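J.: Submitted below is the structure of interest, expressed as structure tokens.
The values are calculated or read from the model by the stated rules, or taken from the named source; none is laboratory data. Since the structure is predicted, the reported quantities are computational estimates derived from the model, not experimental observations. Cβ coordinates were reconstructed from backbone atoms using ideal geometry, including for glycine residues, and neighbour counts include every protein chain displayed. Remember, those area values only see protein heavy atoms, side chains included, never the ligands or the DNA or RNA. Shrake-Rupley method; radii C 1.70, N 1.55, O 1.52, S 1.80 Å.
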Amino acid sequence: MSRVEFIWISAELDDALNEIREFPELTSEQEIIEGDFRFSFEGVRPEMGRITIGIEADASDDYPTVIDVDQARWMDAPEKVQAFFDLLARRTKWEIASRFDNDDHPLVYRPSLE
């Protein structure tokens, strides 16, 4: 089973890519296939080492872009997912949502700051 956790954001893919490319913690970027990108970050939290994410467009009306945090899930590595969620919350004005309940309400959420 794949160990990834998803974070949905209100930014369009191109806007999200442009903003994430400016994060000083970014150490590498790779386009896997057209429209599917992988980024690595160092120093988000010193004790965590590298955090790798994937980012791609999503069909959701509310959240047109989805980020997957590799090798982390809320149930077994919540600190890694929370660290990247917190980084997005500090650096962006996007609406951010993750860990949805059975009624599709996010349990981890930050509204848009715009």
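J.: Between Ile33, Gly43, Leu88, whose Cα lies farthest towards the positive end of the dipole of the stretch 1-110 when Lys and Arg beta carbons carry +1 and Asp and Glu beta carbons carry -1, centred on the Cα centre?
T.: In the stretch 1-110, that residue is Gly43.
J.: Suppose R0 equals 22 Å; then what is the FRET efficiency for Glu34 and Asp62 from their Cβ-Cβ distance, rounded to the nearest 0.05?
T.: 0.35
J.: Let me know the charge dipole size of the chain about its Cα centre in debye, to the nearest 20, where only the beta-carbon of Lys, Arg (+1) and Asp, Glu (-1) is charged.
T.: So the dipole magnitude of the chain works out to roughly 600 debye.
J.: For the chain, what does -39500 (n - 2.57) per DSSP helix run (n ≥ 4), summed and divided by total residues, give at 222 nm, in deg cm²/dmol to the nearest 500?
T.: -6000 deg cm²/dmol
J.: Need one number: the % of Cα-Cα pairs in the chain sitting beyond the 23 Å mark.
T.: 21
J.: Using a 7 Å offset from Cα along Cα-Cβ at Asp14, what residues in the stretch 74-100 end up with backbone N under 20 Å from the label point?
T.: Of the residues in the stretch 74-100, 93-95 have backbone N under 20 Å from the label point off Asp14.
J.: Moving to a separate point now. First compute the accessible area of the chain with a 1.4 Å probe, then give the percent of it belonging to carbon and sulfur atoms.
T.: After summing per-atom areas, the C and S share lands at 44 percent.
J.: What ranking, highest mean first, results for peptides 77-87, 52-62 when packing means the other Cβ atoms within 10 Å averaged over each residue?
T.: In decreasing order of mean packing, 77-87, 52-62 become 77-87, 52-62.
J.: Moving on. Could you give each residue of the stretch 36-46 its phi-based ³J(HN,Hα) in whole Hz, using Karplus coefficients 6.51, -1.76, 1.60 with θ = phi - 60°, and x for Gly or Pro?
T.: 10, 10, 10, 10, 10, 10, 10, x, 4, 9, x
J.: Determine the per residue accessible area of the stretch 48-87 with all protein chains present and a 1.4 angstrom probe, expressed in square angstrom.
T.: Each residue of the stretch 48-87 exposes 40 Å² on average to a 1.4 Å probe.
J.: Let me ask something additional. Which value, in debye to the nearest 20, gives the size of the charge dipole of the stretch 40-85 about its Cα centre, when Lys and Arg are +1 and Asp and Glu are -1 at the Cβ?
T.: 260
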